[in-house]
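Derivation of every value follows stated rules applied to the coordinates shown; laboratory data play no part. What you are looking at is a predicted structure, and each value in this text was computed from that prediction instead of being measured. A quick note on method: Cβ atoms are made from the backbone with ideal geometry, for glycine too, and the neighbour counts reach across all protein chains shown.
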Amino acid sequence: MVVKKRHTPLSGTPGIPAIPEVRFHAPGGAPAGMEVLTLATLRANACADSISATHRPDFHHLLRLESGSLPLMVDFASYRMLPGEWLWVRPGQVHRWDDLYGAEGTLVLFEAGFPDPATSTAARLDDPFGPTVRRLSEAGDAAARRALDQLHQEYRALRGADPDAQGAWLPPDAHLSVLRHLLAVLLLRLAHTGEQSAGCDSPDAFLRFRAAVERDFARTRRVDDYARELGYAARTLSRATLSAAGVGAKEFIDRRVVLEAKRLLAHSDHSASRVAALLGFRDAANFGKYFQQRTGESPLAFRTTARGGAV
């Protein structure tokens, strides 16, 4: 198995299982910070319990499904991947494979610090709202798949698992650079394929707004505050966010707050008052009303469901 679970539980509630954090651990002979493997290899190397467990990895998962179907859960939303679709699970997201035995595909695991900083910025690795499952255009998928296949081939060559690559030996440092460059190609393909057709209105405004929300969502949930800070009209931010993310600016902020609330409720033993304070609410009652209006259930009901394994 390529990961190691932290043994310290994140919940102090007796009888309620915590959702464990999972740290990246490269297999022997592999470069630190990245691994490329098939789903068949993942099944062979992991025990059944660990495959089906809900966990919170601190590294990225990139998967292209080749055949079969793959049901899974990411951040409390359920998906069923079909052949040709791409999955991107980011560090900190809650993740569970619901049935890994009816699917085949290629999986790339990498830590946030493995790509170079320029790639991390251009590919928006820290975007909390990046698409989880997506289907690219035919041309975009072909280009991304070529990058994935070459990355897998180079990874196998580095580990000595590809007999056809014996004549293409490189020093370890050079081989590591090749892997970084190939991963960069894949990440940039996935991050930007289809953007031109999306026709985002004021993309710079949206990118600046998204970064500000990620930094300050626990401080303010008011669109006017972000508009004033960034120097835009509130309507400009709303138009740009609707064009880029499909929701208005206020809904974008609220979704980020609710996501963090769900993570805190599921992963920690904080009281509702403490969660409210961490998210910038004046009291637990105000937070509870906000959460109920946007999710249809109370914080306590959500926590009970999440901790009971229904997520």
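Descriptive notes on the structure:
- Looking only at the range 229-240, residues that are at negative phi, of a type outside the set (Phe, Trp, Tyr) and either assigned to a loop (DSSP other than H, G, I, E, B) or loosely packed, with under 13 Cβ neighbours inside 10 Å (or both) come to 2 in all.
- Where a residue in the range 204-223 is among the basic types (Lys, Arg) and its partner, wherever it lies, is buried (at least 19 other Cβ atoms within 10 Å of the Cβ) and not in a helix (DSSP H, G or I), with Cβ under 7 Å and at least six apart: none
- Scanning the range 267-311 for residues being outside any helix (DSSP H, G or I), among the hydroxyl-bearing types (Ser, Thr, Tyr) and surrounded by fewer than 16 Cβ atoms within 10 Å (Cβ to Cβ) gives a total of 2.
- Consider the range 131-160 and keep the residues that are acidic (Asp, Glu) and surrounded by 15 or more Cβ atoms within 10 Å (Cβ to Cβ). The one that is nearest to residue 182 (Cα to Cα) is 154.
- Filtering the range 66-108 to residues that are part of a strand (DSSP E or B) and of a type in the set (Val, Ile, Thr) leaves 74, 89, 106, 108.
- Scanning the range 206-234 for residues that are small (Gly, Ala, Ser) and more than 22 Å from residue 263 (Cα to Cα) gives 227, 231, 233, 234.
- Within the range 62-79, being in contact with a strand residue (DSSP E or B) (Cβ under 9 Å, 6 or more places away or on another chain) and of a type in the set (A, V, I, L, M) holds for 62, 63, 65, 70, 72, 73, 74.
- Positions within the range 109-146 being assigned to a helix (DSSP H, G or I) and more than 29 Å from residue 246 (Cα to Cα), in sequence order: 146
- Neighbours by Cβ (under 7 Å, 6+ apart or cross-chain): first from the range 117-138, at positive phi; second assigned to a loop (DSSP other than H, G, I, E, B): 124/130
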